[in-house]
Amino acid sequence: MADKKNFSFQTKCVHTGNGIDKETGAIRRPITMANSYRLPEDASTLNWSDPNQLVYTRNTSANQIYLQEKLAALEGGEDCVVLGSGVSALAGVFFTFLEQDAHIICSNVSYIAVYRLLKEYFPDKYGIETSLVDTSDLQAIKQALRPNTKIIHIETPGNPTTRVSDIAEIAKLAKFVGALLTVDSTFASPFLQQPLELGADLVIHSLTKYINGHGDAMGGAVIGRSELIDKIKRQAMVNLGGVISPFNAWLIMRGVVTLPLRMKQHSETALQVAQFLEAHPAVDFIAYPGLASHPQHEIAKKQMTMFSGVMAFGLKADVDTHNKFINSLEVIVPAVSIGHDESLIVYTGPNDERNHFYPPEFKNGHFRFSVGLESAEDIINDLKQAFEKCGL
């Protein structure tokens, strides 16, 4: 077979990590639901905690190894570690590379678990200092840098604001002070954005979202240089137990196959939906990186091939009307998460614990809207009928 390193992205999605099952001849890797694997004839020199050898499933599993190979190839990284959830992946990075009294700079609006880890748990338990800044503002990052800065962590696009941070420019700042740049690229997926190529040290994904794409499995991944990934495997997986189940690894492996097709449709449909919302008189604001009105549209154009399926918007209405609107939808499902085949929407009111970090337009409440794989016409018609039911 041709060198898999030279395959196109689409072909890697199908073939990398896959192979013929030697026992049955099946052309798809089976689910290996085993806790333990047979030891070699001489186990006296075995490293019982080796995260790259099949000994015990908390160390690694066959399905996990296949998935790690595929994801490393898609991100252009040397190695990958897959964990039980996106939060496990994030916590694993912070736990591995932040020692006592270290300093981290993080996007001030980020996934809620990241906010709690870095604002509450790590400072209280380990004395780790956290600076939460608008990472779309390079000057704000420069001003936050300290001699003990060990990590700059960004989400781009950010959750839920869709704020875009300039990966290449922030990578230069991180290298200048000897810090790691870690990028949560969940909203983009490897198909739309390649942080490692832009200078990031580690890229993180909640596999639960776009990479799986079917809303039926949880997982997280970190991709980067082997020396960094090996540390995460040994500390966060083997010794903290953040391992993924073989079944979830198999499901996500299946989901990756259609990633390019899905991301293209998510992005194309989302742009049409965002344009509709931007033109609607009842919409107070719309934040979608694909719109020219987005504050970081030019940066998004520079580092993304398309703009994904997540947007945020608010209505010229009170909290009750926002709730009535979301409960009037018939195709779009009120539920958390993003990247599913169905469109998902969630309303966050003005009492959110991170509200003081939000851009001004978000402070009165907003929707996070993950556009699914339905037709743009059906999604827009669903929004129209909900507007009408609310008298908007």
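The values are calculated or read from the model by the stated rules, or taken from the named source; none is laboratory data. All values derive from a computational prediction rather than experimental measurement. Reconstructed Cβ throughout: ideal geometry from the backbone, glycine too, with neighbour counts over all protein chains shown. Remember, those area values only see protein heavy atoms, side chains included, never the ligands or the DNA or RNA. Shrake-Rupley method; radii C 1.70, N 1.55, O 1.52, S 1.80 Å.
Which ones in region 1-43 are in contact with a Leu (Cβ under 8 Å, 6 or more places away or on another chain), outside any helix (DSSP H, G or I) and among the hydrophobic types (A, V, I, L, M, F, W, C)?
L39, the sole residue that qualifies.
Within region 366-392, restricting attention to residues that are among the small types (G, A, S) and part of a loop (DSSP other than H, G, I, E, B), which residue is nearest to the chain's Cα centre (by Cα)?
G372
Please verify whether region 147-157 includes one or more residues that are in contact with a strand residue (DSSP E or B) (Cβ under 8 Å, 6 or more places away or on another chain), crowded, with 23+ Cβ neighbours inside 10 Å, part of a loop (DSSP other than H, G, I, E, B) and charged (D, E, K, R).
no
If I ask for residues that are open to solvent by 20 Å² or more (accessible area, probe 1.4 Å) and either polar (S, T, N, Q) or part of a loop (DSSP other than H, G, I, E, B) (or both), which ones from region 341-353 would you list?
Answer for region 341-353, where residues must be open to solvent by 20 Å² or more (accessible area, probe 1.4 Å) and either polar (S, T, N, Q) or part of a loop (DSSP other than H, G, I, E, B) (or both): D341, E342, T348, P350, N351, D352, E353.
If you check every pair at least six apart or on different chains, which have Cβ atoms under 7 Å apart with a residue in region 19-36 that is more than 12 Å from T57 (Cβ to Cβ) and modelled with pLDDT of 90 or more first and a residue that is surrounded by 10 or more Cβ atoms within 10 Å (Cβ to Cβ) and of a type in the set (G, A, S) second?
R29/G19
Identify the single condition in (1) within 19 Å of V257 (Cα to Cα); (2) among the hydrophobic types (A, V, I, L, M, F, W, C); (3) open to solvent by less than 40 Å² (accessible area, probe 1.4 Å) that F97 does not satisfy, given that it satisfies every other one.
Every listed condition holds for F97 apart from (1).
Taking region 44-69 only, how many residues are touching a residue at least 60 places away in the same chain (Cβ under 8 Å), open to solvent by less than 60 Å² (accessible area, probe 1.4 Å) and either in a loop (DSSP other than H, G, I, E, B) or among the hydroxyl-bearing types (S, T, Y) (or both)?
Going through region 44-69 one residue at a time, the tally reaches 7.
Cβ-Cβ under 6 Å, sequence separation 6+ or interchain: first residue in region 369-392 and small (G, A, S), partner part of a strand (DSSP E or B) and modelled with pLDDT of 95 or more. Which pairs?
S370/V310; S370/L344
Looking at region 134-146, which of its residues are among the polar types (S, T, N, Q) and outside any helix (DSSP H, G or I)?
T135, S136
Answer yes or no: is there a residue in region 113-133 that is surrounded by fewer than 16 Cβ atoms within 10 Å (Cβ to Cβ), more than 19 Å from the chain's Cα centre (by Cα) and not in a helix (DSSP H, G or I).
yes
Does region 288-302 contain any residue that is open to solvent by 20 Å² or more (accessible area, probe 1.4 Å), within 25 Å of E342 (Cβ to Cβ) and not small (G, A, S)?
no
Do you know which residues across region 138-170 are farther than 16 Å from P289 by Cα and either of a type in the set (S, T, Y) or without any contact (Cβ under 8 Å) to a residue 40 or more places away in the chain (or both)?
Result: L138, Q139, A140, I141, K142, Q143, A144, P147, T149, E169, I170.
Output the number of the condition that L98 fails; it satisfies all remaining conditions of (1) of a type outside the set (V, I, T); (2) touching a residue at least 12 places away in the same chain (Cβ under 8 Å); (3) more than 21 Å from H205 (Cβ to Cβ).
All conditions pass for L98, except number (3).
I'd like to verify a number: residues in region 303-328 that are farther than 22 Å from V183 by Cβ and either open to solvent by less than 20 Å² (accessible area, probe 1.4 Å) or charged (D, E, K, R) (or both), how many?
11
State all residues of region 301-351 that are among the charged types (D, E, K, R) and touching a His at 6+ places or on another chain (Cβ under 9 Å); if no residue qualifies, say none.
Selection gives D341 alone.
Please give the number of the condition I338 fails out of (1) in a loop (DSSP other than H, G, I, E, B); (2) surrounded by fewer than 16 Cβ atoms within 10 Å (Cβ to Cβ); (3) out of contact with any helix residue (DSSP H, G or I) (no Cβ under 9 Å at 6 or more places or on another chain).
(2)
Mind checking whether some residue in region 358-365 is more than 18 Å from P281 (Cα to Cα), touching a helix residue (DSSP H, G or I) at 6+ places or on another chain (Cβ under 7 Å) and part of a loop (DSSP other than H, G, I, E, B)?
Yes, because at least one residue in region 358-365 is more than 18 Å from P281 (Cα to Cα), touching a helix residue (DSSP H, G or I) at 6+ places or on another chain (Cβ under 7 Å) and part of a loop (DSSP other than H, G, I, E, B).
Hey, which of the strands (runs of 3 or more DSSP E) in region 173-260, taking only ones fully inside, have at least 1 residues that are crowded, with 23+ Cβ neighbours inside 10 Å and acidic (D, E)?
Hits in region 173-260: 180-184.
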